[in-house]
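Following: one structure in structure tokens, then a few remarks.
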Amino acid sequence: MFPTIAIVGRPNVGKSSLFNRLLDKRVAIVADEPGTTRDRVTGFISKSQEKAILVDTGGISLEDGTQIDRGIRIQVNSAIQEADVLMFVVDTNSGILPIDQQIANLLRTTNKPVLLVANKADTPKRESTISEFYKLGMGTPYPVSALHRKGIGEMVDEIFRLLPNNPEYPDYPEGSVPVAIIGRPNVGKSSLINSVLGENRTLVSAIPGTTRDAIDTEFQYGDTSFVLIDTAGIRRKGHISPGIEKFSVSRALQAVERAKIAVLVVDATEYLTAQDLHVAGYVQDAYKGLVLVINKWDLAQEEELDRGEIELLIRRRLQFFPDMPIIFTSAMTGKGVMGIFDAIKAIEEERMKRITTSKVNRMLMEAISAHPPPTSGKKRLQIYYGTQAEVDPPTFVFFTNDASLVHFSYKRYLENTIRKHFGFKGTAIKTLFRSRSEESV
């Protein structure tokens, strides 16, 4: 299990902006009005070889308030209970408010490490007010500006110093492929595993959410050993009840992180829902492989649904995972189930594929010739050369005159060009861009 960091504080101190800065992408909704984050938002933060789960929370209000306020307080309390380290965010612009002192008193009762973060320290005048926050009795305040990236590095160093040591992954059999079975509740994940194993190795029930934790099961198919990680169903934010189900979501995300390939199980009678797209996004963010399983196909056939139309619809909605295998199964009858493992083996081969530097650069020259990088102001992005740096996941590094000029659309264009030339079907690709000054780093 990865250690967990929870960001807490009163409304409108910049918790979500800080969360987005630490993840280096826009995940939490940020606005200049209190109470924007009404639920917890989760992502991964890393430093060197260490990794932790980062949780953003809604602003704490210690008054009864509205039903929404009470719901936020329940979610925050749950996040605090699960966390190993608490980031207590305050606002240097407004200074200490009575509610800040109340929150400090609350956090002291947890007996957990607390990092006091003084956000919005954008000017020398605001920095000069930092000493005021010693009155909270929460130790040394760390001045940062989430907006301007100021002080973030020192803060991250201190966070990881406070965290417990990352536990090692379990030792899977050499050469085995760890596979996470994920999806919304009640789509038949446990039934699918039971069908594969030919015995009831995981609890199956018609009640959604029966599986509360990740369960590892070793399985041999042909000449390949698999470790199947069954998980609780992942619901979208706003559809997750407090307490144990929230804990299950965290477990499912960790299962994806532990796996090489994820099997996303969806219900054939419901097509691909927004929740399914959300779950697939978790897999892409972790740079894993993906097999999409359309389960309960026997029920869909009774409704005379068209397989070709369903597959076309799915591929249109999951364009960020092009050419992923789509397997139609029935866990009840066992039909199509073993085809999942042929697809997993094929993706594993794709993830281990290595392309020579000469071939990468021929591809790069063709890509640039067909679509030159766009101009940003007076500067134009120049890409000098590229190379495949790693496998599992396939990782390509491109050296440029200024990596900050790389637009998301051009990055996606190069990823699509890599797939066109070299395949990598069914797996996410990682592309990194380095400025020329970073070449020796």
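The values are calculated or read from the model by the stated rules, or taken from the named source; none is laboratory data. Here the structure is a predicted model, which means the values were calculated and not measured. Quick reminder, even Gly has a Cβ in these numbers, built from the backbone with ideal geometry, and neighbours come from all protein chains shown.
Between a residue in the stretch 124-148 that is under 14 Å from Gln101 (Cβ atoms) and in the same structural domain as Phe88 (by TED's automatic domain parsing) and any residue that is buried (at least 20 other Cβ atoms within 10 Å of the Cβ) and among the acidic types (Asp, Glu), which pairs come within a Cβ distance under 8 Å, given they are 6 or more apart or on different chains?
Pairs found: Leu136/Asp100.
What number of residues within the stretch 61-77 are modelled with pLDDT of 75 or more and touching a helix residue (DSSP H, G or I) at 6+ places or on another chain (Cβ under 8 Å)?
Count: 0.
If we scan the stretch 101-122, do we find a residue that is in contact with a Ser or Thr (Cβ under 9 Å, 6 or more places away or on another chain) and farther than 19 Å from Val8 by Cβ?
Checking the stretch 101-122: at least one residue is in contact with a Ser or Thr (Cβ under 9 Å, 6 or more places away or on another chain) and farther than 19 Å from Val8 by Cβ.
Looking at Val397, is it more than 28 Å from Leu292 (Cβ to Cβ) and modelled with pLDDT of 95 or more?
Judged against the criteria, Val397 is a match.
Note down all Cβ pairs under 8 Å where the first residue falls in the stretch 93-114 and is at positive phi, the second is modelled with pLDDT of 90 or more, and they're at least six residues apart or on different chains.
Listed pairs, sorted by first residue: Gly95/Glu132.
Looking only at the stretch 78-95, filter to residues that are of a type outside the set (A, V, I, L, M), within 24 Å of the chain's Cα centre (by Cα) and more than 20 Å from Arg21 (Cα to Cα); which one of those is modelled with the highest pLDDT?
That would be Asp84.
Kindly state which helices (runs of 4 or more DSSP H) lie completely within the stretch 74-171 and contain at least 3 residues that are of a type outside the set (Lys, Arg).
Of the helices (runs of 4 or more DSSP H) lying wholly inside the stretch 74-171, those with at least 3 residues that are of a type outside the set (Lys, Arg) span 98-108, 152-162.
Can we say Thr387 is surrounded by 14 or more Cβ atoms within 10 Å (Cβ to Cβ), touching a helix residue (DSSP H, G or I) at 6+ places or on another chain (Cβ under 7 Å) and in a strand (DSSP E or B)?
Taking the combined requirement at face value, the residue satisfies it.
Give the number of residues within the stretch 321-356 that are free of Cβ contacts under 8 Å to residues at least 40 places away in the same chain and in contact with a Gly (Cβ under 8 Å, 6 or more places away or on another chain).
2
Looking at the stretch 290-320, which of its residues are in contact (Cβ under 8 Å) with a residue 12 or more places away in the chain and over 16 Å from Gly426 (Cβ atoms)?
Of everything in the stretch 290-320, those that are in contact (Cβ under 8 Å) with a residue 12 or more places away in the chain and over 16 Å from Gly426 (Cβ atoms) turn out to be Asn295, Lys296, Trp297, Asp298, Leu299, Ala300, Glu303, Leu305, Arg307, Ile310, Leu313, Arg317.
Going by the structure shown, is Lys420 more than 24 Å from Thr224 (Cβ to Cβ), in a helix (DSSP H, G or I) and free of Cβ contacts under 8 Å to residues at least 24 places away in the same chain?
Criteria met by Lys420.
Residues are listed down the side, and each one gets a yes or a no for (1) modelled with pLDDT of 80 or more; (2) surrounded by fewer than 17 Cβ atoms within 10 Å (Cβ to Cβ); (3) under 21 Å from Gly281 (Cβ atoms); (4) of a type in the set (S, T, N, Q):
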| residue | (1), (2), (3), (4) |
| --- | --- |
| Ser191 | yes, no, no, yes |
| Arg212 | no, yes, no, no |
| Thr231 | no, no, yes, yes |
| Arg235 | no, no, yes, no |
| Gln254 | no, no, yes, yes |
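Conditions: (1) more than 19 Å from Ile5 (Cβ to Cβ); (2) buried (at least 18 other Cβ atoms within 10 Å of the Cβ); (3) of a type in the set (Phe, Trp, Tyr). Tyr142 meets all but one. Number of the miss?
Answer for Tyr142: the failing condition is (1).
Count, please, the residues in the stretch 276-303 that happen to be of a type outside the set (A, V, I, L, M) and either buried (at least 22 other Cβ atoms within 10 Å of the Cβ) or touching a strand residue (DSSP E or B) at 6+ places or on another chain (Cβ under 9 Å) (or both).
Of the residues in that region, 10 qualify.
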